[in-house]
Structures are given as C-alpha cells and as structure tokens.
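Please read the structure below before turning to the comments.
The values are calculated or read from the model by the stated rules, or taken from the named source; none is laboratory data. Since the model is a prediction, treat every value here as computed from it, not as a measurement. For neighbour counting, all protein chains shown are included, and Cβ atoms are generated from backbone atoms with ideal geometry for every residue, glycine included.
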Amino acid sequence: MQVRQLFTDDSAVSPVIGVILMVAITVILAAVIGSFVLNLGGSLQNTAPQATIDFNYNESASPTSGDGNVTLVHASGDQLENSSIRVATSDSTSSFSGANYSDENSPYTAGDQIAKGPYDSGETVRLVWEDPEGGSSSTLAESSAPN
C-alpha cells in the first residue's frame with residue numbers, strides 16, 4: 001500500500017458523516033416530540049405582570065380602631081385586568097367590588113386607584129395577581145400599615 005494513496009482515498013468519509021447526521025436529526029426530533037407530549041413549555045406562557053404600586057395610608061384619629069383606609073395607586077408598569085387581581089389583607093380578602101375600585105369595567109392602569117378600608121395598625125396589605133387560566137398567583141405589591 002502506498003502512503004500517497006492513503007491520504008487521497010476518502011471513500012469512507014461520506015457514510016460516517018451521513019450516520020452522524022441521521023443520529024443528530026433523530027435526537028432533535030425526539031426532544032421536540034417529548035417536550036410537546038410532556039407539555040414542558042406550557043407553564044411558561046402566563047407570567048405575572050410587572051407593576052409599581054404605591055400605598056397611601058390615611059390614618060384616622062385612632063388607627064387601632066380600624067377607621068383608616070389605604071389607597072393603592074398604580075404608578076407604572078403593565079396594565080392589570082380587573083378580573084385577575086384582588087386586594088388581600090391579613091384578616092380579609094376583597095375583590096374590586098369590595099375595594100371601591102374607581103372603574104371596575106376597565107383595566108387597572110397607571111394613575112388608577114383602589115381604596116381599601118378599614119385597616120388595622122400593622123396589618124399587611126397586598127395586591128395579588130391570579131393567573132386567569134388558574135394554577136398560579138403572585139403578590140405584585142405589599143405594604144404594612146403604620147402603627
């Protein structure tokens with residue numbers, strides 16, 4: 001056998017590359033089909049919106065009597081659908097109908113306010129987003145009432 005012929009003979013290169021490509025295509029197809037069957041990407045579609053909420057507390061003469069109220073002001077960020085958010089406190093939970101939302105028929109956007117009251121001294125007030133398709137919820141903003 002001649003050394004020069006060994007370097008110029010490439011008859012086995014094509015079948016090896018073909019086998020490698022077939023294996024790679026099979027692995028990629030198996031991964032794609034497996035992700036659809038197991039629904040691995042389905043839970044990533046609905047993520048919680050991002051919004052900045054300011055809490056303005058209006059204390060009464062005696063905040064421990066429960067006469068104060070809090071106003072949640074949407075400062076900036078994503079608009080929030082009124083059917084997917086609620087105001088939650090340490091002792092109760094209310095939707096827009098119980099929280100005196102200024103316009104219950106439109107989304108909660110920058111500049112809109114929600115009035116909630118009364119609150120107790122030191123009580124935690126939260127704005128909670130719930131996934132409309134169910135399964136998850138997230139606290140968008142949280143504040144503690146003044147003592």
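Across segment 107-128, the qualifying residues are those that are part of a strand (DSSP E or B) and small (Gly, Ala, Ser), and the one among them that is nearest to GLU81 (Cα to Cα) is ALA115.
Do the conditions hold for ALA145, that is, is it of a type in the set (A, V, I, L, M), modelled with pLDDT under 75 and surrounded by 15 or more Cβ atoms within 10 Å (Cβ to Cβ)? Reasoning before the result, please.
On the way: of a type in the set (A, V, I, L, M): yes; modelled with pLDDT under 75: no; surrounded by 15 or more Cβ atoms within 10 Å (Cβ to Cβ): yes.
No; evaluated as a whole, the condition is false for this residue.
In segment 98-127, the residues that are assigned by TED's automatic domain parsing to the domain that holds GLU81 and within 18 Å of GLY77 (Cβ to Cβ) reach residues that are modelled with pLDDT under 75 and assigned to a helix (DSSP H, G or I) with C-beta atoms within less than 9 angstrom, at least six apart or across chains, in these pairs: TYR108/PHE96; ILE114/PHE96; ILE114/ALA99. Of the residues making up segment 118-136, those that are over 17 Å from GLU59 (Cα atoms) and at pLDDT 85 or above are ARG126, LEU127, VAL128, TRP129, GLU130. Within segment 93-117, the set of residues being over 15 Å from PRO49 (Cβ atoms) and at pLDDT 75 or above comprises SER106, GLY111, GLN113, ILE114, ALA115, LYS116.
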